[in-house]
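Notes follow once the structure below has been shown.
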Amino acid sequence: MTEAKAYAAQSETSGMTPFDFQRRELRPDDVRIDIDYCGVCHTDIHFAENDWGASIYPVVPGHEIIGRVTAVGDQVTGFKVGDAVGVGCMVDSCRTCTACNAGLEQYCQEGMVGTYNGKDRHDGSVTYGGYSDHVVVSDRFVLPLPEALDPAAAAPILCAGITTYSPLKHFGVKAGDKVGVLGMGGLGHMGVKFAKALGAEVTIFTRSESKVGEAKQQGADHVVVSTDEQQMAAAEGQYDFLLDTIPVQHDLTPYLNCLGVDGTHVLVGQIDTIEPSIHTGALIGKRRTLAGSIIGGIPETQEVLDFCAEHNITCDVEMINIQDINTAYERMKKGDVKYRFVIDMKSLKG
Ligand code: ZN
Ligand code: ZN
């Protein structure tokens, strides 16, 4: 076992505080990684504060992990000490079901093992995430980091990036497509970059006129203010694909109406039930698809890292020290971050 330093939530109201624990001995397929950077995802807050009723305390969040290999198990051949690597949202799955065999471990029949708040498949222990000085992960779930990427700005690719890249690829977004991105946060701003890199014409939908300038800065070709009835009426039937990153319940119908024949609206946020409900006419009237998507499999997560390196895409990040994490959570709740906090994990040693 190795002694690990971390930050954890001890209860739904405790906030994040220092926490020491033991990481497991290396299994034959394990890689030990010293963590340099860890992105801060909204899911981290949901688990720290038990918003979904599924938290197992203490919770050590963090699933946008970038670091360097410090040791490998006997059977590991793909990694060696010193390699720059990433770990995203999952650290294991059954590895034998149809989904796992297709490299879609996030849809594993037995459920993926989350990087934190998951149950280890071998010893039943609860997994602890990246707000820590090191992590031990099976090699199948460790990703080589392309050299061209800035490691700090690459961290959010492992959740925010893959979450938006995967549906764009799966639903075949291509050059010339008209893509709408709903929401301008950590996910949305990555979605814009990917859709542009794929050659699409990209529109950001925002509720507020005051965000139009910011939307243009994010690289959108057009901006639609969704609270403006005239602008929404003009957008009707115009889009091939909508990437919906809005993190709270919202009325889908006005957006569905923006899709043309065979258009697809993909939800990537966990927003509980769809309220208000949707009239079936909004779907069948133009053979529209309403779909959902969660992160991406390990092969596709490697693909998005390589895609980012090739197209010079990184996340816009604000670096923080681990001691600032509670303030960062408060700011994220107000949408006050452009566009992702990344923790410099050196601060944990100080
Ligand atoms: Zn995440
Ligand atoms: Zn499986």
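The values are calculated or read from the model by the stated rules, or taken from the named source; none is laboratory data. Please read all numbers here as calculations on a predicted model, not as lab measurements. Note that each Cβ is placed from the backbone with ideal geometry, even for glycine, and that neighbours are counted across all protein chains shown. Just the protein is used for accessible areas: all its heavy atoms, side chains included, with ligands, DNA and RNA removed. Shrake-Rupley method; radii C 1.70, N 1.55, O 1.52, S 1.80 Å.
Observations, loosely collected:
- Failed criterion for Asp51 (all others in (1) surrounded by fewer than 19 Cβ atoms within 10 Å (Cβ to Cβ); (2) in contact (Cβ under 8 Å) with a residue 40 or more places away in the chain; (3) within 15 Å of ligand 1 (Cβ to nearest atom); (4) of a type in the set (D, E, K, R) hold): (2)
- Within segment 257-270, residues that are small (Gly, Ala, Ser) sit with their Cβ atoms under 6 Å from residues that are open to solvent by less than 30 Å² (accessible area, probe 1.4 Å) and assigned to a strand (DSSP E or B), at 6+ positions apart or across chains, in these pairs: Gly263/Tyr239.
- Residue list for segment 272-288, restricted to those being open to solvent by less than 60 Å² (accessible area, probe 1.4 Å) and touching a helix residue (DSSP H, G or I) at 6+ places or on another chain (Cβ under 9 Å): Ile278, Ala282, Leu283, Arg288
- Among the residues of segment 59-81, those that are open to solvent by 20 Å² or more (accessible area, probe 1.4 Å) and either under 18 Å from Cys38 (Cα atoms) or touching a Cys at 6+ places or on another chain (Cβ under 6 Å) (or both) comprise Arg68, Thr70.
- Check on Ala220, over 30 Å from Cys94 (Cα atoms) and in a helix (DSSP H, G or I): no
- Close pairs from segment 333-344: first farther than 17 Å from Tyr37 by Cβ and in the same structural domain as Ile66 (by TED's automatic domain parsing), partner part of a strand (DSSP E or B) and open to solvent by less than 50 Å² (accessible area, probe 1.4 Å), Cβ under 9 Å, at least 6 apart: Lys338/Val317
- Filtered residues of segment 189-204 (kept if within 20 Å of the chain's Cα centre (by Cα) and without any contact (Cβ under 8 Å) to a residue 60 or more places away in the chain): Gly191, Val192, Ala195, Lys196, Leu198, Ile204
- Residues in segment 227-256 that are out of contact with any strand residue (DSSP E or B) (no Cβ under 8 Å at 6 or more places or on another chain) and either within 14 Å of Ala291 (Cα to Cα) or in contact (Cβ under 8 Å) with a residue 12 or more places away in the chain (or both): Thr227, Asp228, Glu236, Pro247, Val248, Gln249, His250, Asp251, Thr253, Pro254.
- If you go through segment 135-180 and keep only what is more than 14 Å from His63 (Cβ to Cβ) and in contact with a Phe, Trp or Tyr (Cβ under 7 Å, 6 or more places away or on another chain), you end up with Asp139, Pro151, Ala152, Thr164, Tyr165, Leu168, Phe171, Val173, Asp177, Lys178, Val179, Gly180.
- Complete set of residues in segment 100-129 that are open to solvent by 20 Å² or more (accessible area, probe 1.4 Å), farther than 15 Å from Asp30 by Cα and within 11 Å of ligand 2 (Cβ to nearest atom): Asn101, Ala102, Leu104, Tyr107, Gln109, Glu110, Gly111, Met112
- Whichever residue in segment 164-205 is open to solvent by less than 10 Å² (accessible area, probe 1.4 Å) and β-branched (Val, Ile, Thr) and, among such residues, is farthest from ligand 1 (Cβ to nearest atom): Thr203
- Of all the residues in segment 17-46, those that are surrounded by fewer than 24 Cβ atoms within 10 Å (Cβ to Cβ), within 16 Å of ligand 1 (Cβ to nearest atom) and among the aliphatic types (A, V, I, L, M) number 1.
- Pick from segment 256-271, criterion open to solvent by less than 30 Å² (accessible area, probe 1.4 Å) and out of contact with any Ser or Thr (no Cβ under 8 Å at 6 or more places or on another chain), ranking: farthest from Gly186 (Cα to Cα): Gly260
- Residue check for Gly124: assigned by TED's automatic domain parsing to the domain that holds Glu25, free of Cβ contacts under 8 Å to residues at least 12 places away in the same chain and under 30 Å from Ile35 (Cα atoms): yes
Listed here are the residues, each with its yes/no results for (1) assigned by TED's automatic domain parsing to the domain that holds Asp133; (2) within 16 Å of ligand 2 (Cβ to nearest atom); (3) hydrophobic (A, V, I, L, M, F, W, C).
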position	(1), (2), (3)
Ile56	yes, no, yes
Gly62	yes, no, no
Val72	yes, no, yes
Gly78	yes, no, no
Asp83	yes, no, no
Val87	yes, no, yes
Met90	yes, yes, yes
Thr98	yes, yes, no
